[in-house]
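S.K.: This is the structure I want to talk about, given as structure tokens.
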Amino acid sequence: MTGQVRIEPMQAAALIISGILGKVFIAFPGALSREAGPAGWLVITLAALFTLPALLAIIALSSRFPSRSLPEVFDHVMGRPLGLALTLIISGSFHAVGSLVTREFAESNQVGILPETPLSALIFVMLLM
């Protein structure tokens, strides 16, 4: 190997599932209670059902092309322009979710543990870790 790290299909699935679950348990409860009220559980269930086909497709593609990274697989299967667009969409989604989860976690720490600490300082320290 040339020093590249490869993520196995099951590892990719675990990363995607943990990202979804992290969003569900950290960021969603407050927003769901405000927007959906008692039907919040239905939103989570529908989101999981709509995400499942994409997850299964990514697992199938990763299994079919085990020596390629996900962006390489997208380029190979969909062509360069569409593969790049899908890679950017997925990367942007992970970035947005990661930013939201970091902010929500910092806010919960600020309210519960460190009320005098500026939010920006908490986020900065979390990003350094």
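The values are calculated or read from the model by the stated rules, or taken from the named source; none is laboratory data. These figures come from a predicted structure and were not determined experimentally. Cβ coordinates were reconstructed from backbone atoms using ideal geometry, including for glycine residues, and neighbour counts include every protein chain displayed. Just so you know, the surface numbers come from the protein's heavy atoms only, side chains and all, with ligands and any DNA or RNA stripped out. Shrake-Rupley method; radii C 1.70, N 1.55, O 1.52, S 1.80 Å.
S.K.: In whole Hz, what ³J(HN,Hα) sequence does the stretch 44-56 give by Karplus (6.51, -1.76, 1.60; θ = phi - 60°), x for Gly and Pro?
M.R.: Here the 3J(HN,Hα) series is 5, 5, 5, 4, 5, 5, 6, 7, 4, x, 5, 4, 5 Hz.
S.K.: Carbon and sulfur together cover what percent of the accessible area of the chain at a 1.4 Å probe radius?
M.R.: Numbers: 6510 of 9110 Å².
Percent of accessible area from carbon and sulfur atoms in the chain: 71.
S.K.: Hey, any idea what the orientation-averaged projected area of the convex hull of the stretch 70-129's Cα atoms comes to, in nm²?
M.R.: Working: hull surface 19.3 nm².
Average projection, Cα convex hull of the stretch 70-129: 4.8 nm².
S.K.: Per residue, what accessible area does the chain have, given a 1.4 Å probe and all protein chains present, in Å²? Each step should come with its number before you reach the end.
M.R.: Numbers: 9110 Å² over 129 residues.
I get 71 Å² per residue for this part.
S.K.: I've got another one for you. With a 1.4 Å probe and every protein chain left in place, tell me how much accessible area Phe65 has, in Å² to the nearest 10.
M.R.: Only protein atoms counted, so the area is about 40 Å².
S.K.: For Phe65 paired with Ala47, estimate the spin-label separation in nm (one decimal), with each label point 7 Å from Cα along the Cα-to-Cβ line.
M.R.: 2.9
S.K.: How many times 2.2 N^0.38 Å is the alpha carbon radius of gyration of the chain? Mind showing how you got there, number by number?
M.R.: On the way: Rg = 17.9 Å, N = 129, 2.2 N^0.38 = 13.9 Å.
Rg over 2.2 N^0.38 Å, computed on Cα atoms: 1.28.
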